[in-house]
Structure formats: C-alpha cells, structure tokens
Amino acid sequence: MSTVFTALARRQTLVAVALALTLFGTTRGFAATLGTGTSNLGAGNATVASCQSSGAPTAAYSVAYDPALGGYAVAAVTVTDLDAGCAGKTISLTLAGAGGSSLGTLSGTIPAGGSSLLLTPGSTVAAAGVTGVSVAVAG
C-alpha cells in the first residue's frame, strides 16, 4: 500500500514541477515582448537617451495668499536648467505632500532654447502641505 502512495506522490510532484516550468516560461515570454525606445520606456534591456545632456531641471514655487483657503497657496512653479535639446517635449511636475501623496500635477511644453518654463496650477494647492516637487520630461 505504501508503494501506491509513494508512486502517487511522485506523480503529483512531477505534475507540479511541469506546471511551474510552463508558467515561468510563459511569463518570461510575455516580458520579452515589451518594447523599449527613445520616447517610451517598457520592460527590456535597452539604453534610453535623455534630452537633458547636463545637470537636472530644478523647480521653485512662489506663493500667494488665498482668502478662500485662509492661507497661502502655490501661485506658480518655475522650472529652470532645461536643456535646448528638450525643446518641444512635455514636462510633468508633481507637487508632493505628506507620505509622497500627489497634491497636484502641472504640465507644459518646454520652449525652444530650453532654459526655463513657468507653470501655474489649475486648482488651489495649499503651500503648507507641499513637501516636495518632482519633475519629469517625456516625449
């Protein structure tokens, strides 16, 4: 009787291993089909060129008193140190709050010659809640 249980256990183990190998191979096949390029980024193994040849863009925001808020709100954000090679590309800026939560996202197109870009929020963002700013260039 114990040989029957041993044979059954071996058969179940073999089926489990075969199933695991099949699933692993399928997952690897799907990941291999994701593409990469200079404008889009996906899973793969390729170098993605940046239009920003030196340094990194920096952002600084100005505030203005908002009576409806009863305090200061972000009035505008100026992004500087943009390379001319990024002209025409979209910039996305996120104002972050506690725990990295998004308080608002601003976007615009980098002007010819790069240099700087002024962005204004589409909604009221309390300046006291802003703990960080992140900038990304896409396109």
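Residues of the stretch 73-95 with backbone nitrogen within less than 19 Å of a virtual label 7 Å along the Cα-to-Cβ line of SER50, please, listed as ranges. Taking a point 7 Å out along Cα→Cβ of SER50, the residues of the stretch 73-95 whose backbone N falls under 19 Å are 79-94. Which residues in the stretch 89-105 place their backbone N less than 19 Å from a point set 7 Å from the Cα of ALA76 along the Cα-to-Cβ direction? Output list for this probe position: 91-95, 105.
Every number here is computed from the coordinates shown, using simple stated rules; none is lab data. A quick note: this is a predicted structure, and the numbers were derived from the prediction, not measured. Please note: Cβ atoms are built from the backbone with ideal geometry, for glycine as well, and neighbour counts cover all protein chains shown.
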